[in-house]
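What follows is a set of notes on a single structure, which appears directly below.
The values are calculated or read from the model by the stated rules, or taken from the named source; none is laboratory data. Just so it is clear, the model here is predicted, and its values are computed rather than measured. Note: ideal-geometry Cβ built from the backbone for every residue, glycine included; neighbour counts use all protein chains shown. The accessibility values were calculated without ligands, DNA or RNA, using every heavy atom of the protein model including side chains. Shrake-Rupley method; radii C 1.70, N 1.55, O 1.52, S 1.80 Å.
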Amino acid sequence: MGVLDVAAYGLSDEERELAGMVRAFADEHVAPRAYEADRTKTLPLDVVAAMGELGLFGLPFPEEVGGQGGDYVALGLAIEGLGRVDQSIAITLEAGVSLGAMPVFRFGTDAQRAELLPDLLAGRALAGFGLTEPEAGSDAGGTRTTARLEDGDWVIDGAKQFITNSGTAITRFVTVTAVTGRRGDRKEISTIIVPNGTEGFEVGPAYDKVGWHASDTHPLIFTGARVPEGNLLGERGRGFANFLSILDEGRVAIAALATGAAEGCLDAALDYAQSRQVFGERLGSRQSIQFMIARMQARVHTARLAWIHAARLRDAGRPFGPEAAIAKLTASDAAMDNARDATQIFGGNGFMNEYPVARHFRDSKILEIGEGTTEVQLLVLARALGLTRGAAA
């Protein structure tokens, strides 16, 4: 793994083999396409298909449902290996698993699993998860999208924003949270599967984003969209709670992505410092540059230790919420700090989009926002320490 010894992370032979395979795939098939995909804001679906053929979308799922029988360490290694060269491709995998397939696997009926999981786990289809709204995200009480039962159908009205994998040519459905009633003074929030092509369901134009240009992201609009009552995913009224139960896993996966991004910046900065000549000497001969790169390495190492530890706890069936928050916090900071430092080392070249560090600089900011902002991670940790009221999220 770059300049670091993988033995330091307690990886098994199978895990090392997987990490090496994904990194070779990323270097050979993803990296050469990354600049053009970013420039044209196009998700290369042939790369997604190839990832499916490698079994990456099925990594943390049991074989009986079409998965690879792996775990979240395996998924994290794959996401990290991709994030090192292209965050857009890495988030496509992360969201495809954590937000697309995992809710169906965890909460779906046998019929829903049988119908939807095979294509999702093979990378033949993608799915989005519609949670965020202009006034709702971490705040469930802000949810405005509604769904009412009428003649055996759910009738959905509302809007969602910033939904990943929601508008590709292979997107099969989105899962949305909606207010389905009230329980006392609280909104009853449920989760409903809405297939693409449903009348009254519109996928808005793609966003013009700062980064993650090749990742597919759209707003969603529901105007009397009707789906069968059986499209309820999980127990009625448990939609937000179910989402929170998979959020910690998503934070571990995002931490792995951020670690890959931080390492990609480290690798680029190290190569550049060793080859760039300034005033007749290598840039890397300057102690200020050496110290900057040394800090970059320390950040990558710490971030990787954090996400692997959280993933091991998850895979062992132990509580891991605070550890997931630490991993997300540590790794997103590492990605942003390394992107800034790598860009500085590259100087004017770092401001040119054809250099990977420029793309990492733009891409990495969202890592401090998505799957819970930095401030949310701090709140989770403060709660776990008993410093605030309420249970840890």
Next item on the list: For LEU378, indicate whether it is more than 23 Å from GLY70 (Cα to Cα), modelled with pLDDT of 95 or more and surrounded by fewer than 16 Cβ atoms within 10 Å (Cβ to Cβ).
Entry: yes
Notebook entry, point to check: Does ALA74 qualify as being in a helix (DSSP H, G or I) and within 20 Å of ALA310 (Cβ to Cβ)?
Noted result: yes
Item checked: Which numbered condition VAL73 fails, given (1) aliphatic (A, V, I, L, M); (2) touching a Gly at 6+ places or on another chain (Cβ under 9 Å); (3) more than 22 Å from ASP216 (Cα to Cα) -> (2)
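Can we say ILE246 is β-branched (Val, Ile, Thr), modelled with pLDDT under 95 and either farther than 28 Å from VAL179 by Cβ or open to solvent by less than 50 Å² (accessible area, probe 1.4 Å) (or both)?
Values: β-branched (Val, Ile, Thr): yes; modelled with pLDDT under 95: yes; either farther than 28 Å from VAL179 by Cβ or open to solvent by less than 50 Å² (accessible area, probe 1.4 Å) (or both): yes.
Judged against the criteria, ILE246 is a match.
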Next item on the list: Go through the range 137-166 and give me each residue that's farther than 18 Å from ILE366 by Cβ and either assigned to a loop (DSSP other than H, G, I, E, B) or open to solvent by less than 10 Å² (accessible area, probe 1.4 Å) (or both).
Entry: ASP139, GLY142, THR143, ARG144, THR145, ALA147, ASP151, GLY152, TRP154, VAL155, ILE156
Check: Out of curiosity, is THR223 open to solvent by 40 Å² or more (accessible area, probe 1.4 Å) and of a type in the set (Ser, Thr, Tyr)?
Finding: yes
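Yes or no: ALA127 in contact (Cβ under 8 Å) with a residue 12 or more places away in the chain, outside any strand (DSSP E or B) and open to solvent by less than 10 Å² (accessible area, probe 1.4 Å)?
Numbers: in contact (Cβ under 8 Å) with a residue 12 or more places away in the chain: yes; outside any strand (DSSP E or B): no; open to solvent by less than 10 Å² (accessible area, probe 1.4 Å): yes.
No.
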Notebook entry, point to check: Going through the range 87-108 one residue at a time, which ones are open to solvent by 20 Å² or more (accessible area, probe 1.4 Å) and in contact (Cβ under 8 Å) with a residue 60 or more places away in the chain?
Noted result: LEU99, ARG106, PHE107
Checklist line | Candidates ALA258, ALA214, filtered to the one that is within 18 Å of the chain's Cα centre (by Cα), closer than 21 Å to THR168 by Cβ and either open to solvent by 30 Å² or more (accessible area, probe 1.4 Å) or at pLDDT 95 or above (or both) | finding: ALA214
Notebook entry, point to check: Is there any pair with a first residue in the range 346-362 that is at positive phi and a second that is part of a loop (DSSP other than H, G, I, E, B) and open to solvent by 70 Å² or more (accessible area, probe 1.4 Å) whose Cβ atoms are under 9 Å apart and which are 6 or more apart or on different chains, and what are they?
Noted result: GLY347/ARG276
Item checked: Residue count, the range 110-124 (criterion: within 24 Å of PHE222 (Cα to Cα) and surrounded by fewer than 20 Cβ atoms within 10 Å (Cβ to Cβ)) -> 2
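When the residues of the range 282-309 are narrowed to those that are in contact (Cβ under 8 Å) with a residue 60 or more places away in the chain and touching a Lys or Arg at 6+ places or on another chain (Cβ under 9 Å), which ends up farthest from LEU367 (Cα to Cα)?
Filtering the range 282-309 down to residues in contact (Cβ under 8 Å) with a residue 60 or more places away in the chain leaves 283, 297, 300-301, 304-305, 307-308.
Next, from what is left, pick out any that are touching a Lys or Arg at 6+ places or on another chain (Cβ under 9 Å): 283, 307.
Numbers: LEU283: 30, TRP307: 14 Å.
Among those that are in contact (Cβ under 8 Å) with a residue 60 or more places away in the chain and touching a Lys or Arg at 6+ places or on another chain (Cβ under 9 Å), it is LEU283.
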Note to self: Can you say whether GLU371 is under 20 Å from VAL300 (Cβ atoms), in contact with a Lys or Arg (Cβ under 9 Å, 6 or more places away or on another chain), in a loop (DSSP other than H, G, I, E, B) and open to solvent by 20 Å² or more (accessible area, probe 1.4 Å), as far as the supplied structure shows?
What the structure shows: yes
Item checked: Given (1) over 25 Å from VAL376 (Cβ atoms); (2) part of a strand (DSSP E or B); (3) touching a residue at least 60 places away in the same chain (Cβ under 8 Å); (4) small (Gly, Ala, Ser), index of the condition ALA214 fails -> (2)
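Scan the range 178-199 for residues that are open to solvent by less than 30 Å² (accessible area, probe 1.4 Å) and either of a type in the set (Lys, Arg) or part of a loop (DSSP other than H, G, I, E, B) (or both) and jot them down. Outline the logic, then answer.
Here is the first cut: in the range 178-199, the ones open to solvent by less than 30 Å² (accessible area, probe 1.4 Å) are 178-181, 188-194, 198.
Scanning the range 178-199 gives a single hit, THR198.
Would you check if ALA114 is small (Gly, Ala, Ser), over 24 Å from TYR207 (Cα atoms) and either modelled with pLDDT of 95 or more or part of a loop (DSSP other than H, G, I, E, B) (or both)? Outline the logic, then answer.
Numbers: small (Gly, Ala, Ser): yes; over 24 Å from TYR207 (Cα atoms): yes; either modelled with pLDDT of 95 or more or part of a loop (DSSP other than H, G, I, E, B) (or both): yes.
Against the criterion (small (Gly, Ala, Ser), over 24 Å from TYR207 (Cα atoms) and either modelled with pLDDT of 95 or more or part of a loop (DSSP other than H, G, I, E, B) (or both)), ALA114 qualifies.
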Margin query: Restricting to the range 341-368, give me the number of residues that are assigned to a helix (DSSP H, G or I) and open to solvent by 40 Å² or more (accessible area, probe 1.4 Å).
Written below: 9
